[in-house]
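One structure is given below, encoded as structure tokens.
Bear in mind that the values in this text are calculations on the coordinates, not laboratory data. Everything quoted here is computed from the prediction, not taken from an experiment. Reconstructed Cβ throughout: ideal geometry from the backbone, glycine too, with neighbour counts over all protein chains shown.
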Amino acid sequence: MTTIDELRLHNRLIAQLDAGTMQFFQIRRGGAGQPIAMPWLDLDQAVFIAECRYAGDDIAVALDYRTSPIDPRVLATDTATLAQQHLSWRQVTPTLSQFIDALHLH
């Protein structure tokens, strides 16, 4: 995803995934229900910012606003959990600002 329009489109498409695909990627919609804990991703409080280039790679990076509305943590899919027939999410950095610093994107 290289443009804002691509980011918006991808995030809209993710919201339309069927229940089985959301289960595989460990994505739920929190809404007004119970809080969703890691290693699940709460789709209502996340924005996908990167994804794999090739189908089957199953790698994604998302901003997780459950921790902060201003400086969200950065999560990525953890392919090591594929042996369990699903992916889970792991923290890359506790904040987006730390992620930017680590990549020297200033």
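Spin-label pair Ala37-Ala19: with each label point 7 Å from Cα along the Cα-Cβ axis, the two points sit 2.4 nm from one another. Would you calculate a helix-derived [θ] at 222 nm for the chain, using -39,500 (n - 2.57) for each DSSP H run of n ≥ 4 and dividing by the full residue count, to the nearest 500? My calculation for the chain gives -6000 deg cm²/dmol from helical runs alone.
Taking the chain as a Gaussian network of alpha-carbon nodes connected by springs under 10 Å, the highest mean-square fluctuation of the residues Leu75, Leu96, Leu43 belongs to Leu96. Comparing Arg73, Arg12, Arg29 in a Gaussian network model of the chain (Cα springs below 10 Å), the most mobile by mean-square fluctuation is Arg12. I want to verify a result. In a Gaussian network model of the chain, Cα cutoff 10 Å, which of these has the top mean-square fluctuation: Gln16, Gln45, Gln91? Maximum fluctuation in the GNM of the chain, among the listed residues, is at Gln16.
Taking square-rooted eigenvalues a ≥ b ≥ c of the alpha carbon gyration tensor, is the chain rounded, prolate or oblate, where a/c under 1.5 means rounded and, failing that, a/b exceeding b/c means prolate?
Rounded, because the longest to shortest axis ratio a/c is under 1.5.
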